[in-house]
Amino acid sequence: MIQQNPSSPKETPGKSISILVVDDHTLFRQGLRRLFESEEGFTIIGEAADGEEAIRLARTLRPDIILMDLSMPNLNGTEATSKIKRILPETDILLLTMHDTPFMQEEGLRMGASGYVLKRSADRELFEAIRRVRSGHPYFQSLSSKAIGVSTETPSYETLSRREKEILGMLANGMTNKEIARQLCISISTVETHRKNIMKKLNIHNLSEIIKYAMAYGIIQR
């Protein structure tokens, strides 16, 4: 677990911690609700299925903690985290994800998250992580550095331009150059140029590696 210098506690003793759960899988949200019902001191006050809904509910409910998935439709977890922290800086966001990659942990921290917990260990660590975050101590779980066949030396996603990130996601989701050109209102040759630049920057060589990269770093789900 990565720990940083503590800041000031945010909780009043005896006060229940209010939680907004953000995940696009209904069964997972239901499982979390049952988990929190078994533990005193926590109250789930809302659920969202994507990043855009999370922003709307966060504005209205103003939760103490948001449990945020990373890979979701409409707006992913890191982007939603960044937007919510600008609106509600006192709300802590704990990323709760299946992605065991340092890249995603670092990206979440950069976007303003206070913690990172893997879903597979949520039943063991989640309560501790929430309590630590609300007491002013960031909680970042140690990761295995696995990345489904993608080299740990792969250059950062942040080397890509906004348009290149957009096209990377489209390619990884199975869209052809022609379909991308039509959707973005650009020429096929422009798409091909962006594709070559993406592959050069990320040191990947074919569509299969593009898909592996996107899966490893949470751009698309497994």
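A few comments on the model shown:
- Reach of LYS196 by Cα under 12 Å, taken over aspartates and glutamates that are not fewer than 8 positions away in the same chain: GLU164
- Under Karplus coefficients 6.51, -1.76 and 1.60, residue-wise ³J(HN,Hα) of the stretch 50-55 in Hz, glycine/proline x: 7, x, 5, 5, 4, 5
- Dipole axis of the stretch 70-110 (+1 Lys, Arg; -1 Asp, Glu on Cβ), positive-most option in GLY77, PRO102, PRO89: PRO89
- Pairs with C-alpha atoms separated by more than 29 Å, drawn from the list LYS83/LYS212; LYS178/LYS200; LYS83/LYS201; LYS119/LYS200, are LYS119/LYS200.
- Close amide H contacts of LEU95 (hydrogens built in the peptide plane, cut-off under 5 Å, sequence separation of 5 or more or a different chain): MET68, SER114, GLY115, TYR116, VAL117.
- Computed from backbone phi with θ = phi - 60° and the Karplus coefficients 6.51, -1.76 and 1.60, the 3J(HN,Hα) list for the stretch 97-114 is 9, 8, 7, 8, 9, x, 4, 5, 5, 5, 5, x, 4, 4, 7, x, 5, 9 Hz; x is used for glycine and proline.
- Karplus-based coupling profile of the stretch 132-141, in residue order and whole Hz: 5, 4, 6, 8, x, 10, x, 10, 10, 5, with θ = phi - 60° in 6.51 cos²θ - 1.76 cosθ + 1.60 and x standing for Gly or Pro.
- Seen through its C-alpha gyration tensor, with square-root eigenvalues sorted a ≥ b ≥ c, the stretch 17-140 comes out rounded because a/c lies under 1.5.
- Kirkwood-based shape ratio for the stretch 157-216, expressed as Rg/Rh from alpha carbons: 0.92
Readers should treat all values here as calculations from the given coordinates under stated rules, not as data from a laboratory. Since the model is a prediction, treat every value here as computed from it, not as a measurement. Counting neighbours? That spans all protein chains shown, and the Cβs are built from the backbone with ideal geometry, glycine included.
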